[in-house]
1. Treat every Asp and Glu Cβ in the chain as -1 and every Lys and Arg Cβ as +1, leave all other atoms uncharged, and give the resulting dipole magnitude about the Cα centre to the nearest 20 debye.
2. With each label point set 7 Å from Cα along the Cα-Cβ vector, what nm distance links Lys43 and Asn58?
3. Around Val78, under 13 Å between beta carbons, what's the net of Lys plus Arg minus Asp minus Glu among the other residues?
4. Could you check which residue among Gly55, Gly16, Gly35 shows the biggest mean-square fluctuation in a GNM of the chain with a 10 Å Cα cutoff?
5. Report, ordered by chain and residue number, the lysines lying within cross-link reach of Lys64, taken as a straight Cα distance under 22 Å and ignoring same-chain residues fewer than 8 apart.
6. Cut-off 10 angstrom, C-alpha nodes, Gaussian network model of the chain. Which of Ser56, Ser84, Ser11 fluctuates the most?
7. Given a 1.4 angstrom probe, what's the average accessible area per residue across the chain, in square angstrom?
8. At most 16 other Cβ atoms within 10 Å and a DSSP loop assignment: could you name the GluC sites (Glu not before Pro) in region 32-98 that fit?
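The values are calculated or read from the model by the stated rules, or taken from the named source; none is laboratory data. It should be emphasised that the depicted structure is a prediction, and the values quoted were computed from it without experimental measurement. Quick reminder, even Gly has a Cβ in these numbers, built from the backbone with ideal geometry, and neighbours come from all protein chains shown. Ligands, DNA and RNA are excluded from the accessible area calculation, which covers all protein heavy atoms including side chains. Shrake-Rupley method; radii C 1.70, N 1.55, O 1.52, S 1.80 Å.
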Amino acid sequence: QVQLAESGGGSVQPGGSLRLSCAASGIIFSVYAMGWYRQAPGKQRELVARLTSGGSTNYADSVKGRFTISRDNAKNTVILQMNSLKPEDTAVYYCNAERLGAQSWGQGTQVTVSS
């Protein structure tokens, strides 16, 4: 059974940084595409960043140049480094694992950007 546990959320002022971490268990981590999604109040869940097993990345246009996704296959962990945070980045951030169309989700971690 896939288990994904996010950590690292919190509150930060605009322009600040946060680092989200997702620890995966119950899967052969290296063959999964891993991603981060977010959902703001009243909005649909959206892709933030995704990293395939082969190392390809894609980012939402709104976070390009500010966020970086990375993975450590030895530690079964995916990281989202978020810099230059803006109030519009406020949302619950979810870790996602995907393989052959099957997806698993973490419980989410709150990120709040406010002065």
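1. Roughly 80 debye, rounded to the nearest 20.
2. 1.9 nm
3. Summing Lys/Arg as +1 and Asp/Glu as -1 gives +1.
4. Gly55
5. Of all the lysines, those that pass the test against Lys64 - Cα under 22 Å, at least 8 places apart if same chain - are Lys43, Lys86.
6. Result: Ser56 has the largest fluctuation of those listed.
7. It amounts to 53 Å² per residue over the chain.
8. Loop-located and lightly packed - none at all.
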